[in-house]
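Have a look at the structure below before the remarks.
Derivation of every value follows stated rules applied to the coordinates shown; laboratory data play no part. These numbers were taken from a predicted model, which means no experiment stands behind them.
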Amino acid sequence: MANAQKEEFKHFGMNLEFLLRRRHEWRAELQRILFQEGDIVELAEKAEKTAD
């Protein structure tokens, strides 16, 4: 079961990367939120404000 879950995470990551390579606006938006220090909700709200 754990191995199947690990494989699903890999597939999710590959699918997300595929989309982000084709949707540059998505990539820019997520770069302002993901893998950043701090509260994810606050980062998302800040990214939302700067996107407008």
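Some values worked out for this structure:
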read-out: Dmax and Rg, reported as Rg then Dmax, of the chain (C-alpha, Å); value: 13.7, 43
read-out: Gain upon complete extension [Val41, Arg21; 0.36 nm per residue less C-alpha separation]; value: 4.8 nm
